[in-house]
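Worksheet: the structure to be examined is printed underneath.
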C-alpha cells in the first residue's frame, strides 16, 4: 500500500481495503528526490511519517521508507515481498496523475493488480459535474450546492491490525517514532471543534488568530477531510467552516480539469501585463514594502511557514493589483514556504486574487489600508510581526511607513 498524501490510519480507504482484502500488507512511502519540497513541508513530513510509523507499529505493522522514483521503488518492493497488488490514494495534480498512470502500466507489466482509492478530498473531483456536459464547476456557489447534496462514502475506522509480509528488509524500516502528524492533528481537530461556533465571527480577526490551523494536516493527509466534515456537521455554527473545506475540494476539481493551473491563466481571456520588478518582488517577500499590514503578513510567513488567510488575500492582492507583479512569482514564494502549500489551493487562490482564475469579479482589488482597519482594528497583528512599529498607537499603525535607509534598497516606488 503506497502512501502519498494520506499519512494516517483513520479513514484511509486504501489502507482499510488492503488490510481487509489481504493477510499481509506492506505499508510503503517513497521519498522522491526529484520532487522539490520546501524546507518547512519537509520537516512536517518527517514528523508525519514518524507518527504514521508509530500508529502502524502499534497495530503490528510498520512503515517501509525507500528513496527514488516512486513507481520503480514500489514495483521493486512488491517483487521483493512477493506482493500481488498495489493500492494508492488517487490525487489530482499533474505529477500525481502521471505517477498513477505509470504505476498502472508498470503493475500490468509485472502482473500485479493495481487500484486507486478516494481519500484526498471529501468528494472525489469528478463525482459532481454541472449540467450541460461540463467537465467541472468553474464557479464555487453552484459547486457548493452540488457538493452538499452528494451522497458521501462512510467514514472508516482505523484497522485494528496490520500484518507485514515475511522477510521485509530491515534497512527499509526505522525505529524512529513520534506524534507530530495524525496524533497531533486529531487532537487539534477535537480542540477546534469545541470552539467552532465562534469561527464565523472571529476567523477574519487577524490578531486573534481564531482559524483552525488544520490545513497542514489536511495537505499531508494526516487528517481525512471526509472525517473532518463528518465530525463538524451538526456542530452549532460549523457551516462556515465546512464551506471552507468545500473550497478545498473545489480547487482540487479545478486542478483535475485544468492541470496547468500552476503556470497558465485559468481564464483564457485574462489579460496578463505584468511588470518585471525584481526589487518590488524582493521587498514584498522580505516584508519591507512600507505597507504595514502587508509586511506583517509576509513576515509571519517567513517566521512560521504559515499565514492567516485574510493576510494571504491582502498580500497577494498587493503584489498583483498594486505592484502589478506576476501571480506566478507570488504563488511560487508561498509554495516554497507554506506548511500547507499544495498546487490546487495555492495556485487556485492566487489566480482568484490575480483575476486570472475563478473569481467572477476578476478586477476585484483589495485596499490594504481598509482591510487592515477592518480586520486588525487595534493594530495588534502588525505589532506582533513588525515590532519596529509597535510604538505607534491605534489605527495609526496601519499608515504607510518610511523604511530605515539600510532596508529601503531602492524601494521608494512601493509607497505610491
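What pairs can you find where one residue is in region 358-379 and not assigned by TED's automatic domain parsing to the domain that holds residue 209, the other is exposed (fewer than 15 other Cβ atoms within 10 Å of the Cβ) and not in a loop (DSSP other than H, G, I, E, B), and their Cβ atoms are less than 7 Å apart, with a gap of 6+ or different chains? Listed by first residue and then by second, the contacts come to 373/395; 377/395; 379/394; 379/395.
Would you confirm, using the coordinates I've provided, whether residue 336 is touching a residue at least 40 places away in the same chain (Cβ under 8 Å) and buried (at least 21 other Cβ atoms within 10 Å of the Cβ)? So residue 336 does not fit the description; no. Among the candidates 265, 240, the residue that is part of a loop (DSSP other than H, G, I, E, B), touching a residue at least 24 places away in the same chain (Cβ under 8 Å) and touching a helix residue (DSSP H, G or I) at 6+ places or on another chain (Cβ under 8 Å) is uniquely 265.
Every condition in (1) modelled with pLDDT under 95; (2) surrounded by 17 or more Cβ atoms within 10 Å (Cβ to Cβ) holds for residue 130 except the one numbered (2). Selection of helices (runs of 4 or more DSSP H) fully inside region 7-120 by the criterion of at least 1 residues being crowded, with 16+ Cβ neighbours inside 10 Å and touching a helix residue (DSSP H, G or I) at 6+ places or on another chain (Cβ under 8 Å) returns 39-57, 70-80, 94-109. Of the candidates 273, 239, the single residue that is modelled with pLDDT of 95 or more, farther than 21 Å from residue 387 by Cα and surrounded by fewer than 19 Cβ atoms within 10 Å (Cβ to Cβ) is 239.
Note on region 355-368: among residues that are within 27 Å of residue 395 (Cβ to Cβ) and out of contact with any helix residue (DSSP H, G or I) (no Cβ under 6 Å at 6 or more places or on another chain), the one that is modelled with the lowest pLDDT is 364. If the condition is being free of Cβ contacts under 8 Å to residues at least 40 places away in the same chain and in contact with a strand residue (DSSP E or B) (Cβ under 6 Å, 6 or more places away or on another chain), then region 40-73 contributes only 67. Is it the case, given these coordinates, that residue 300 is loosely packed, with under 15 Cβ neighbours inside 10 Å and part of a helix (DSSP H, G or I)? No; evaluated as a whole, the condition is false for this residue.
The values are calculated or read from the model by the stated rules, or taken from the named source; none is laboratory data. Just so it is clear, the model here is predicted, and its values are computed rather than measured. So basically every Cβ, Gly included, is an ideal-geometry build from the backbone, and we count neighbours across all protein chains shown.
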